[in-house]
Structure formats: C-alpha cells, structure tokens
Amino acid sequence: MEYILLIISAILVNNIVFAQTLGICPFLGVSSKISSSVGMGAAVVFVITIATLITFLINQYILVPLELGFLQTLAYILVIAALVQMVEIILKKTSPSLYAALGIFLPLITTNCAVLGVAISVIQKEFNLAQSVVYGFATAVGFALALVIMAGIREQLELGNVPKGMKGGPITLVTAGILALAFMGFANLV
C-alpha cells in the first residue's frame, strides 16, 4: 500500500512539472506534437529511473562511506550525462525518425533539472533503494503524462480559433497554468 501511495503521489499530487515546476524547458519545448512527446516521455522515464537507481547506489556505497557528500551534485550530473548519451546513441540506431523529431531536446535531458531534482530528492527524503526506484519511475511517468496531455491540448489549439495575440507561447503558458490548477485537485487524494 505504501508503494501505491508513493506512485499516486508522484504522478498526480506532486507532479514534477505542475507542483514542483521542474523540467519546464522540455515540457514547453517538446509538447507541440503527441508523437514527439511520447518519445521524449519514454526517454525521460528511462533516464530518470536508471539515474535514480545509479545515483542512489553511488551515494550509499561511495559518497557516504568515503565522506564525499560534497561531490554529490557533480557525481549525479556525470551519471545523468552518461545515461543521456547512451539513450541518444540507442535512439539514433533504432529509431532515426524519433531521434530527428526530438532534435535538440534529447541532449537537453542532460540539463533537465527534473532528472537531477529526483536524484537529489530521494536522498533528502531518505528513501530506501526500492522506494527510490519506484519514486523515480513514478515521477518520470508523471512528467511524461504532463508532456502528453499538454501536447494533445496544443494540437487541438492549432485547430481552434485562438486570438492572434494569444497564439504560440502565451496560450501555451495559460494552458500550463490551467493544467497545474487541475492537478491541484488531486491534492487531497493521498
């Protein structure tokens, strides 16, 4: 039951985009088409989940025993960068169309504050290994959900009659704000 609450909380109640405002750059940049949003969401789920696992192990078995906690951020950034490079190489070979659709946003996962934020927050929340991996996965699924919902809305807005002054960025930011308010409705769920 504890893990189910952790999953629901990470996906809906404390959504990394809408409640914690992390990962906004790729959220706004890649959410113009559902196909690229699904691909980016899958890449972020993979990177956050694996990065959470590896950074937790590095922290518990290397940094803490050797009293090198001051290197935590640097070590985490190196792990995240290596994982993103691995994902980029795999996508380039297996799905060139998705790789091309993601464009510049794939390398930006390296600097996506959501990835680093999750890795640091599992340490701050003092989760064990299983809780850390579940939380990392669920948080990434919440990010992907936010991305896909926003992409669906933006595709519909392209077909709608949006006033000239609100097209593009302004309507996207208003929509993101309304989505954040909608996700606040889940606050009493957990």
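The values are calculated or read from the model by the stated rules, or taken from the named source; none is laboratory data. Just so we're clear, the structure is a prediction, and the values are computed from it rather than from any experiment. All Cβ positions, even for glycine, are placed from backbone atoms using ideal geometry, and neighbour counts span all protein chains on display. The protein model used for the area step is the full one, side chains on, heavy atoms only, and it has no ligands, DNA or RNA in it. Shrake-Rupley method; radii C 1.70, N 1.55, O 1.52, S 1.80 Å.
For region 162-190, which residues satisfy the criterion of being more than 30 Å from Ile4 (Cα to Cα), over 19 Å from the mean Cα position of the chain (by Cα) and open to solvent by less than 80 Å² (accessible area, probe 1.4 Å)? Working first, answer last.
Filtering region 162-190 for residues more than 30 Å from Ile4 (Cα to Cα) gives 162-174.
Retained after the next criterion (residues that are over 19 Å from the mean Cα position of the chain (by Cα)): 162-171, 174.
Hits for region 162-190 are Val162, Gly165, Met166, Gly168, Gly169, Pro170, Ile171, Val174.
If we keep just the residues of region 85-117 that are aliphatic (A, V, I, L, M) and touching a Leu at 6+ places or on another chain (Cβ under 8 Å), which is nearest to Phe27 (Cα to Cα)?
Keep residues of region 85-117 that are aliphatic (A, V, I, L, M), which gives 86-87, 89-91, 98, 100-102, 104, 106, 108-109, 114-116.
Then drop every residue that is not touching a Leu at 6+ places or on another chain (Cβ under 8 Å), which leaves 87, 91, 98, 102, 106, 114.
Numbers: Val87: 18, Leu91: 20, Leu98: 17, Leu102: 12, Leu106: 12, Ala114: 10 Å.
Top of the filtered list is Ala114.
Being open to solvent by 10 Å² or more (accessible area, probe 1.4 Å), more than 13 Å from Phe46 (Cβ to Cβ), at pLDDT below 95 and not basic (Lys, Arg): is that true of Tyr135 here? Spell out the reasoning first.
Numbers: open to solvent by 10 Å² or more (accessible area, probe 1.4 Å): yes; more than 13 Å from Phe46 (Cβ to Cβ): yes; at pLDDT below 95: no; not basic (Lys, Arg): yes.
So Tyr135 fails the test.
Have a look at Leu57, Leu53 and point out the one that is under 17 Å from the mean Cα position of the chain (by Cα) and of a type in the set (A, V, I, L, M).
Values: Leu57 fails: under 17 Å from the mean Cα position of the chain (by Cα).
Leu53 is the lone residue from the list that is under 17 Å from the mean Cα position of the chain (by Cα) and of a type in the set (A, V, I, L, M).
Regarding region 49-65, can at least one residue be identified that is farther than 30 Å from Tyr3 by Cα and open to solvent by 20 Å² or more (accessible area, probe 1.4 Å)?
Going residue by residue through region 49-65, those that are farther than 30 Å from Tyr3 by Cα are none.
Within region 49-65, not a single residue is farther than 30 Å from Tyr3 by Cα and open to solvent by 20 Å² or more (accessible area, probe 1.4 Å).
Pick out the one residue from Ile109, Ile90 that is open to solvent by less than 20 Å² (accessible area, probe 1.4 Å), modelled with pLDDT under 90 and either among the β-branched types (Val, Ile, Thr) or closer than 20 Å to Val17 by Cβ (or both). Spell out how you get there, then give the answer.
On the way: Ile90 fails: open to solvent by less than 20 Å² (accessible area, probe 1.4 Å).
Just a single option satisfies the conditions, and that option is Ile109.
Taking interchain pairs and intrachain pairs at least six residues apart, which have beta carbon atoms under 8 angstrom, with the first residue in region 30-41 and more than 16 Å from Pro107 (Cβ to Cβ) and open to solvent by less than 50 Å² (accessible area, probe 1.4 Å) and the second aliphatic (A, V, I, L, M) and modelled with pLDDT under 85?
Pairs that qualify, where the first residue is more than 16 Å from Pro107 (Cβ to Cβ) and open to solvent by less than 50 Å² (accessible area, probe 1.4 Å) and the partner is aliphatic (A, V, I, L, M) and modelled with pLDDT under 85, are Ser37/Val30.
Go through (1) out of contact with any Phe, Trp or Tyr (no Cβ under 8 Å at 6 or more places or on another chain); (2) more than 14 Å from Ser32 (Cα to Cα); (3) open to solvent by 60 Å² or more (accessible area, probe 1.4 Å) one by one and return the number of the condition Gly142 breaks.
For Gly142, the failing item is (3).
Please determine whether any residue of region 16-30 is over 16 Å from Ser121 (Cβ atoms) and touching a Ser or Thr at 6+ places or on another chain (Cβ under 7 Å).
The answer is yes, given that some residue of region 16-30 is over 16 Å from Ser121 (Cβ atoms) and touching a Ser or Thr at 6+ places or on another chain (Cβ under 7 Å).
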